[in-house]
Every structure is written in structure tokens, then in C-alpha cells.
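Contents: one structure, followed by commentary.
The values are calculated or read from the model by the stated rules, or taken from the named source; none is laboratory data. Only a predicted model underlies this, so the values are computations on that prediction, with no experimental measurement involved. Heads up, the Cβs are rebuilt from the backbone with ideal geometry, glycines too, and the neighbour counts pull from every protein chain shown.
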Amino acid sequence: MPDIVVHLVAAALYLALAWHFWNTRWRPKGRLARAEAAAGMRPWERTAILVPLAVHGWLIYAGIFEIEPLRFGFAQALSAMSFLAVALVWVESFFYRLDGMEPLVLPFAAVTVPLPALFPGLASSALYSQTIGFKLHLSLAMVAYGLFVIALLHATLMTLAERQLHLKTGFAALRLPPLLTLEKLLFRVIGAAFVFLTLTLLTGIGFSETLFGRALRSDHKTVFAILSWATFGLLLAGRARYGWRGRTALRWTLGGFVLLVLAYVGSRFVLEVVLRRP
């Protein structure tokens, strides 16, 4: 089966599940649909998500680690981010009722899963791409990206919960935890993501020192990564010291995430698609 066909099959499965969760969680019609939404994620739904998730994971592994030289551009980064986001939502569903999460993350996965087949990226230097240090740095970065995607989704659900609370309207089928619980979950995810982002920067510094003889390179990727790290660090400090919450926390989360996306995905897109440079 051609590679692009497998990518498109995974995308179609993600889209079908996104449509299902949209209809049963965000806008159910009839008593039966509302009862299904109130029951939480059913076993068959969890199993159904695992099918495209497993295919997606295999495509990422085969496309990154089973070919030489290594290719990891903006398309692979977005695909890995969405894979980790879906996987984390799937795990999180065992512990919390966050019914609005699936219709947000599944379409993102559907759009990003075929991107590596369309934009395979430019080959990285074989000198460092197969080293353990680079692979560790890459893995930590993708975990950090995936956690920050989840944080952004939590922030979106907080906005919906706040709207339901103040306007007494919104999506009646959503069964969200109280706003304070969502806030606690948001900052737990941001805290974990910040740890992985810190480890990403530290391993990147060590890797750069070994390969290039200097700890930090003066490029867009480094600048935006440090700015993102500082933004989330200030957010966590403001939360601890001043009790930042609500819209303040949402703005800082969005700002930090945009900077993080620009750090790698944005810079790689310009290099690969616009400038055609590795």
C-alpha cells in the first residue's frame, strides 16, 4: 500500500471519530444522544481511537527512525505533536471527564498525519542525526510540544467552561469539571511541559557545545525557544506568587505556545518550503 494512502486512511479515521465526538458531545440531538454523552467515553470509543493512533505512531517511527539520513522537519514535528496530544487525551480520559477535548484534538491529528508524506523535509546531516544525544534532545522536545498542545486544549476548555458559567449557555452536552479543577489541571500540564522544555534546552546546549563548540547558536530557533521557556516560567511564577488565573493564564499560555511553535515548526517551514535549505 503506498505510503500516502496509509497516511490518508489514518486521517480519515481521525476525521470520522472527530465527527462522532462532535455530534455526541458538543451538539447531541435527542434523548439517546444526550444519554450517550452523559455516560462518558465508552470502551468502544477508546478502542476506536487506538486504531488510527497506532497507525499514526507507526508512520512517525518509520518516517523518522527507520530511514537514513534522518528527516525531521516541520511536517514531522506537527505530526508528532498531534500524535502525542491524542495519546495524552486518551490516557487522561481514564481519570477525568473532559468530553470537549476529543473534537478539538482529533481534527488537528487528521490534518497533520498526512503532512510528512506531502512534505518529507530535507535530509539532516548524518554527522549528528544518528547520535544518542540528538535523539534524546529530539524526543524530549516532542514530549514538551505534545504537553503544551494539551495545555492549550485545557485552556480552550476553560474558556468554554467560563462561558457556560457566566452566560448560562454554551454546549449543554459537555460534562466538564468545575472551573477551578480545570485550572489545576492546566497548571499541572504546564508544569510538566515546562520541565521537559527545560530538559530540551539543556540537552540542546550540551549537544551544540559538543558539535559546534558553543553552547548557544544565535538563530531564530534558539531565540524563540528561550522566549517561550521564559514566558511559561513567568506564568508559573506568577501563578505561585500572585495567583494568576483565568484570562491572564489563558493569554500567557497562548503567547508561550505561539513562541514555541515559531521556535521549530515556523523556522523549519521557512527553511524547507521557502528557502529549500536543510
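Structure above, values below:
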item	result
Breaking point among (1) crowded, with 17+ Cβ neighbours inside 10 Å; (2) modelled with pLDDT of 85 or more, for Leu176	(2)
Check on Leu165, in a helix (DSSP H, G or I) and at pLDDT 80 or above	no
Tally, over the stretch 96-113, of residues that are assigned to a loop (DSSP other than H, G, I, E, B) and either more than 12 Å from Phe83 (Cα to Cα) or among the acidic types (Asp, Glu) (or both)	6
Ala33 being modelled with pLDDT of 95 or more and either in contact with an Asp or Glu (Cβ under 9 Å, 6 or more places away or on another chain) or among the small types (Gly, Ala, Ser) (or both)	no
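Rundown of residues vs (1) modelled with pLDDT under 75; (2) in contact with a Cys (Cβ under 9 Å, 6 or more places away or on another chain); (3) over 17 Å from Gly63 (Cα atoms), yes/no style:
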| site | (1), (2), (3) |
| --- | --- |
| Phe95 | no, no, yes |
| Met101 | no, no, yes |
| Ala109 | no, no, no |
| Pro116 | no, no, no |
| Phe119 | no, no, no |
| Ala126 | yes, no, no |
| Ile132 | yes, no, yes |
| Val143 | no, no, yes |
| Leu152 | no, no, yes |
